[in-house]
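A short write-up of the structure that comes next.
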Amino acid sequence: MYRKNCDICNRPSYSSSERGRWICPICQNDLTEYPFFDAITFEQIHINYSFKKVLKSYQTQYYDRRQDK
């Protein structure tokens, strides 16, 4: 889970996704370009993974049953 802090209303905003626009639910400020923080430890997250890399990590590898032995 991710957290971003709004500079306008000084409130935290939480999300489970790092993609897309991020709007503060309190004051409607656009937080998209603000840095990410871990919601539990409050440490800044510096790595932005590409969407293709994230999708590839979730793909299941299946073995072909038609292998010649």
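All of the numbers you see were taken from the coordinates with simple rules; none came from a lab. Everything quoted here is computed from the prediction, not taken from an experiment. All Cβ positions, even for glycine, are placed from backbone atoms using ideal geometry, and neighbour counts span all protein chains on display.
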Near the amide H of Phe36, under 5 Å away, which other amide H atoms are found, from residues 5 or more places off or on another chain, if H is placed in the peptide plane? Ile45
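Provide the net charge surrounding Pro35, with neighbours chosen by a C-beta distance below 12 Å and charges set as Lys +1, Arg +1, Asp -1, Glu -1. It would help to have the intermediate numbers written out before the result.
Numbers: positive: Arg3, Lys4; negative: Asp7, Glu18, Glu33, Asp38, Glu43.
Charge balance near Pro35 sits at -3.
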For Trp22, enumerate residues with amide H under 5 Å from its amide H, sequence gap 5+ or separate chain, H modeled in the peptide plane. Leu31, Thr32
3J(HN,Hα) from dihedral phi, the stretch 4-19, Karplus parametrisation 6.51/-1.76/1.60, rounded to Hz, x for glycine, proline: 10, 9, 7, 7, 7, 9, 6, 10, x, 10, 10, 7, 9, 10, 9, 9
